[in-house]
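Here is the structure we will look at.
The values are calculated or read from the model by the stated rules, or taken from the named source; none is laboratory data. Note that this is a predicted model, so its numbers are computed, not measured. Cβ: placed from backbone, ideal geometry, glycine included. Neighbour counts: every protein chain shown.
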Amino acid sequence: MAQMQFPFEIDREATRTAVEERLESARIYKQVGFIRREIQTTTSWTPRFHGNTNAISKATEDTAVHNVDMEESEHQRYEQVIRAVSRLGRIEREIIERRYLEDEVFDYQVMMDMDIREGRYYKIKSSAVYKLAFALRLEVYAPGQE
């Protein structure tokens, strides 16, 4: 039986970068939460003769809508990452959690803590990253494939 091939080639570097960026944003959301945008107001001591002053400014409305929408969006993206990571195998999940979702650590620190040889570590990590890319729909295809 012949091996099945994808019609398009995956850009491995861009895909890995996209997954690592999503994992980094999930780690920051987990540690800090959502940071709300503040309304920028500037007081003026000179009289301004214009329409009614009791109206809500567009800036206030835009900031409120942004805060509500972005907080929900960030929470959903975080939950999506957590669900995708939880579906990985035990060792893959542990590598991804230690490397990307907990405190900032380097690959060699995770390798040492888990007592895994370098070649095996990078093979497992690479496999986990590409599984996450497909689970999170972050795969990037190489342009110009015909």
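May I ask you to say which residue of 76, 80 is surrounded by 13 or more Cβ atoms within 10 Å (Cβ to Cβ), out of contact with any Pro (no Cβ under 6 Å at 6 or more places or on another chain) and within 16 Å of residue 29 (Cα to Cα)? Break it down into steps so the answer makes sense when it comes.
Details: 76 fails: surrounded by 13 or more Cβ atoms within 10 Å (Cβ to Cβ).
Among 76, 80, only 80 is surrounded by 13 or more Cβ atoms within 10 Å (Cβ to Cβ), out of contact with any Pro (no Cβ under 6 Å at 6 or more places or on another chain) and within 16 Å of residue 29 (Cα to Cα).
Among the residues in segment 24-47, are any at pLDDT 75 or above and of a type in the set (S, T, N, Q)?
yes
Among (1) modelled with pLDDT under 90; (2) surrounded by fewer than 10 Cβ atoms within 10 Å (Cβ to Cβ), which single condition is residue 64 missing?
So residue 64 meets the others, but not (2).
What number of residues within segment 124-134 are surrounded by fewer than 17 Cβ atoms within 10 Å (Cβ to Cβ) and over 14 Å from residue 13 (Cβ atoms)?
2
List the residue pairs whose Cβ atoms are under 8 Å apart, where the first residue sits in segment 61-86 and is over 15 Å from residue 97 (Cβ atoms), the second is in a helix (DSSP H, G or I) and modelled with pLDDT of 90 or more, and the two are 6 or more positions apart or on different chains.
Cβ pairs passing all conditions: 74/25; 77/22; 77/25; 77/26.
Within the set of pairs 6+ apart or on separate chains, which have a first residue in segment 18-36 that is within 20 Å of residue 139 (Cα to Cα), a second that is basic (Lys, Arg), and C-beta atoms under 9 Å apart?
Here the result reads 22/77; 23/99; 25/77; 26/77, each pair linking segment 18-36 to a residue that is basic (Lys, Arg).
Give segment 7-23 a look and list any residue that's of a type outside the set (Lys, Arg) and either part of a helix (DSSP H, G or I) or crowded, with 19+ Cβ neighbours inside 10 Å (or both), or say none.
Narrowing segment 7-23 to residues of a type outside the set (Lys, Arg): 7-11, 13-15, 17-21, 23.
Residues satisfying the conditions are 13, 14, 15, 17, 18, 19, 20, 21, 23.
Return the total of residues in segment 95-123 being surrounded by 13 or more Cβ atoms within 10 Å (Cβ to Cβ) and over 18 Å from residue 31 (Cα atoms).
Total satisfying the criteria: 9.
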